[in-house]
Every structure is written in structure tokens, then in C-alpha cells.
Amino acid sequence: MNGLVSLLLCAMAGGVGAMLRSLTVYGLTEWRGVALWKTLLLINVLGCAAAGVCMAVLPGIDHSGMLTLLSISGLLGGFTTFSSYAVECLELWNRGKRGLSAAYAVGSIVACGASTALGFMLTAGGAS
């Protein structure tokens with residue numbers, strides 16, 4: 001598949017991921033009253049876990065690399081929210097919630113790294 005088609009497919013998958021993120025944010029913050037920082041943390045942890053699963057499963061079946069491009073770079077890249085995470089860290093800080101801002105910043109990194117590893121290990125059966 002040529003580069004332009006791959007790029008367009010990745011962009012479409014990213015759009016789907018962004019829509020899923022928006023629905024999740026709206027559903028949890030507006031309908032359920034969950035704080036935005038908690039919602040973004042959940043999105044990032046779930047997205048990282050899914051990336052770990054993809055890292056374990058796709059190398060054996062995705063010989064062209066297209067599924068990896070679409071799932072990790074596209075869908076999960078659109079779904080996860082690193083830029084939103086950074087903005088929320090700053091917003092918490094600027095509202096005087098400096099301890100929560102720092103805990104959210106560090107906690108997100110730790111939780112997302114751990115969920116990526118866990119998704120990989122659970123899917124790959126612990127082999128690496």
C-alpha cells in the first residue's frame with residue numbers, strides 16, 4: 001500500500017479514536033459527574049493497556065505493519081490524550097491544586113506505563 005493511502009487510513013483511524021475519546025469524556029464528565037482529570041487518566045490507562053495488547057498480538061499477524069499503524073498510531077493515538085493531560089495538569093496547578101496536579105502528572109505516567117506492560121504481558125503470556 002502506498003504512503004498516501006496509509007497516511008489517510010491512519011488519519012481516519014485517529015478520527016475514530018478522537019470521537020471515542022470525546023464520547024467517553026462527555027459521558028463520564030457530563031452524565032456521570034466524574035472529574036475531567038479522572039476521565040483523562042482512565043482514557044490514557046485504557047489506551048495504553050490496549051497498546052500493550054497490540055504490541056503482543058500484532059507482530060505475529062501484521063506482516064505489512066498496516067494493522068499496527070491503524071491501531072496504535074491511528075485509533076489509540078486519537079483516543080489517548082497526552083495533550084489534554086498536559087493541559088489538565090496545568091489547569092489544576094493554576095487553580096491552586098498543586099499537590100493534585102503533581103500527583104496526576106506522576107500517577108498518569110506510572111499508571112499508563114504499567115498498563116501498557118500489563119496489557120502486553122497478559123496477551124503475550126508473559127513472554128517477551
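Okay, here's what the table says:
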| read-out | value |
| --- | --- |
| Between segment 57-128 and segment 1-40, the alpha-carbon center distance in angstrom | 13 Å |
| Calculated FRET efficiency for the pair Asn2/Ala117, C-beta based, R₀ 41 Å, to 0.05 | 0.75 |
| Farthest toward positive dipole pole in the chain [+1 Lys/Arg, -1 Asp/Glu at C-beta], among Ala56, Ala11, Ser101 | Ser101 |
| With Cα atoms, 0 to 90° folded angle of helix 98-124 axis to the chain main axis | 20 degrees |
| Likely footprinting exposure, Tyr104, Tyr26, fewest C-beta neighbours within 10 Å first | Tyr26, Tyr104 |
| Residues Ile109 and Ala18, FRET efficiency given R0 of 22 Å [Cβ-Cβ distance, rounded to 0.05] | 0.50 |
| GNM result for the chain, Cα springs below 10 Å: residue of Ile109, Ile72, Ile43 fluctuating most strongly | Ile109 |
| In degrees, nearest ten, helix 36-61 long axis to first principal axis of the chain (Cα) | 10 degrees |
| √(5λ) per eigenvalue of the Cα gyration tensor, the chain, largest first, Å | 29, 18, 12 |
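The numbers here are math on the coordinates, done by the rules we state, and not lab data. Since this is a predicted model, take the numbers as computed values, not measurements. All Cβ positions, even for glycine, are placed from backbone atoms using ideal geometry, and neighbour counts span all protein chains on display.
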